[in-house]
1. From the list Leu317, Leu291, Leu297, Leu265, pick out the single residue that is under 26 Å from Asn89 (Cβ atoms) and within 19 Å of the chain's Cα centre (by Cα).
2. Restricting the search to the stretch 299-330, which residues are surrounded by fewer than 22 Cβ atoms within 10 Å (Cβ to Cβ) and among the small types (Gly, Ala, Ser)?
3. Could you say which residue among Val46, Val12, Val56, Val84 is in contact (Cβ under 8 Å) with a residue 24 or more places away in the chain and on the phi > 0 side of the Ramachandran plot?
4. State yes or no: is Ile99 assigned by TED's automatic domain parsing to the domain that holds Tyr224, modelled with pLDDT of 95 or more and out of contact with any Cys (no Cβ under 8 Å at 6 or more places or on another chain)?
5. On the given criteria, is Asp225 in the same structural domain as Leu140 (by TED's automatic domain parsing) and touching a helix residue (DSSP H, G or I) at 6+ places or on another chain (Cβ under 6 Å)?
6. Can we say Phe335 is surrounded by 17 or more Cβ atoms within 10 Å (Cβ to Cβ), assigned by TED's automatic domain parsing to the domain that holds Ser65 and more than 25 Å from Gln104 (Cβ to Cβ)?
7. Kindly indicate which of Phe223, Phe216 is in contact (Cβ under 8 Å) with a residue 60 or more places away in the chain, assigned to a helix (DSSP H, G or I) and either on the phi < 0 side of the Ramachandran plot or surrounded by fewer than 21 Cβ atoms within 10 Å (Cβ to Cβ) (or both).
8. Among the residues of the stretch 241-252, what is the count of those that are surrounded by fewer than 15 Cβ atoms within 10 Å (Cβ to Cβ) and either acidic (Asp, Glu) or in a loop (DSSP other than H, G, I, E, B) (or both)?
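The values are calculated or read from the model by the stated rules, or taken from the named source; none is laboratory data. Bear in mind the structure is a predicted one, so any value in this text is a computation, not a measurement. Ideal geometry is used to build each Cβ from the backbone, glycine not excepted, and the neighbour counts take in all protein chains shown.
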Amino acid sequence: MRKITADLIFPVSSDPLKDAVLIADDQGKILALEPIANHDPASLEVHKGVLVPGFVNAHCHLELSHMKGRVDTGTGLIPFITSVVTKRNAAAEAIAEAIEKAEQEMLDGGIVALGDISNAIDTFSTKARGRMRYHTFVELFDFLQDEGAEKAFADWKAVYDQLQPAAGRSKSMTPHAPYSVSKTLFEKINAQNAATSGGASVSIHNQETPPENELFLHGSGAFYDFYQKFNISLEAFHPNRQTAIHYALQHMDPARSTLFVHNTLSTREDVRAAQAWNPRTFWVSCPNANLYIENRLPDYQIFLDTQARVALGTDSLTSNWQLSILEEMKAIARFQSYLPFHTCCAGLP
């Protein structure tokens, strides 16, 4: 049996505790939290700092770990995506080695569970080792081309089928972003997840760059140039004259727990609309990735004002300097210091 104490203990389910002892059995199962006065000081394992539960990394692309340092910072999202598309290929051995190293970095940093985006099977053997809990979001996109939805779904269904669920490992199909998923592909994703035993959570990149909203509000902007570069036509696309998240809300399934990721441009009205659409809405913030790509952060006061439920993610090593939830918390404290550590630790609000 271990008796562990620190300057502060964060149960998360309640306020931080001073002068408290965490009691755990030899397998690490937490048995109790008790006042320190009830215990002989000689029996205690004493640590400086704070004691927190294992971190959950709510958003990552583990399969892109081999791209660390290969994409420039501060370019904006569209040049970033272009770099990922054109530079992600590498030898299988290099990809596998980087995935193993990245997982170990997260384990060393106290991360015990990961929401991971997958476009391929590269991470599946690592996940099968069961060193942390994984939910894999097999990510689909067809670049708003309804006629391409059938092939896109079939291609990624083949990936999805190769991941075998087990204790600590679950999976779902998920749309990439409002600007990259057609109405038809949304329908196919929804149908697949509805047929999954026990239901399925979904994740979607949301409102990360101004051209995303411009595409849906005005039918113009840099995404037209981006698609043209890859010989993809948007002639059939018709803007809905609302911000990007409303296109997602129109086509996603409100019966699914839904993670909106990044949200650097989300307004109070956007957040309220999503929460009215589905009470099981969560907002995932990846501060260092947002700084890496677009040099901007969400307005966290919006999440406080709307009583939003917020989780933290690291995104991938393509768009971050490290995979550490503690460093994400530090980034928020550095740039929006009105948010205290215990607020970031417990999750907003």
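1. On the way: Leu291 fails: under 26 Å from Asn89 (Cβ atoms); Leu297 fails: under 26 Å from Asn89 (Cβ atoms); Leu265 fails: under 26 Å from Asn89 (Cβ atoms).
Checking each option against the conditions leaves just Leu317.
2. Of everything in the stretch 299-330, those that are surrounded by fewer than 22 Cβ atoms within 10 Å (Cβ to Cβ) and among the small types (Gly, Ala, Ser) turn out to be Ala311, Ser324.
3. Criteria check complete, one pass: Val12.
4. yes
5. No, not satisfied.
6. Working: surrounded by 17 or more Cβ atoms within 10 Å (Cβ to Cβ): no; assigned by TED's automatic domain parsing to the domain that holds Ser65: yes; more than 25 Å from Gln104 (Cβ to Cβ): yes.
Criteria not met by Phe335.
7. Phe223
8. 1
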